[in-house]
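What follows is calculated from the coordinates using simple rules that are stated; it is not laboratory data. All values derive from a computational prediction rather than experimental measurement. Methodologically, a virtual Cβ is constructed for each residue, glycine included, from the backbone with ideal geometry; neighbour enumeration extends over all protein chains shown.
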């Protein structure tokens, strides 16, 4: 029974996790596909060809991933591709600058993408890779000559903002994971209580059935005793009747014999 409860708990955890991941993926597809198509057109209009073409290609790949998601297949591959796509597009935006040099701030979305998709334990490594990549780009900008369209103060503020958004995403995901663990624990306790109640009901039902069987046996035994008693009473009544008939018949024979004797005596 304990193994059954453990299996039920693991199944409940996996089901809840899958439901949460599906909600996250649905939200990402709902926002990213039209947004990326819109900004791809804007970037092409403003002569950011590399960025615009990259966004178009990624948007087409997102549509393919959406088909996999709707068919509920290759979900792990879809999650990884979404994260890699975010890594690529945000890095390109950081290097290119985008429209009005706003690409610097789009990278703040990456923590909000990594933590819900993979949880805080795996997202920390992915955030480290992303931040290291941006730091390498900034270092190349400082060493090999300025090619980023940002002022030093903007780069500094972007680093602070990235740390802030990463911390907020980490706090949110940690809080969600704790609440999720509490929910699963409460669900497990409810399942255990339900199993205990079902076991108790089954035990009492079995006991009641045994009591009912014993009661039926006692009733049947009592009915048999009553039938035997009634049969005995019938036999006693028949014996009494036969005895009376025998006694009366004996008296009748005695009277007949007396009459015969008297008749014989008269004839003599």
With a 10 Å radius around each residue's Cβ, average the other Cβ atoms per peptide and rank 121-128, 67-74, highest first.
121-128, 67-74
Per its Cα gyration tensor (rounded if a/c is under 1.5, else prolate when a/b beats b/c, else oblate), the stretch 98-141 is best filed as oblate
Take the alpha-carbon centre of the stretch 132-156, take the same for the stretch 41-115, and report the distance between them in whole Å.
21 Å
So what's the back-of-envelope 222 nm ellipticity for the chain, counting only DSSP H runs of four-plus at -39500 (n - 2.57) apiece and dividing by all residues, rounded to 500?
-33500 deg cm²/dmol
Zone reached by a paramagnetic label modelled 7 Å from residue 24 Cα along Cα→Cβ, restricted to the stretch 63-79 with backbone N below 14 Å, covers 75-79
Computed over the chain: relative contact order in percent, which uses C-alpha pairs under 8 Å that are six or more apart:
16 percent
Could the peptides 29-35, 226-232, 178-184 be put in order, highest first, of the mean number of other beta-carbon atoms found within 10 Å of their residues?
29-35, 178-184, 226-232
Dimensionless Rg/Rh of the stretch 125-231 - Kirkwood Rh, Rg from C-alpha atoms:
1.75
I need the shape label for the stretch 2-177. Rule: rounded when a/c is under 1.5, else prolate if a/b > b/c, else oblate, with a, b, c from the alpha carbon gyration tensor.
oblate
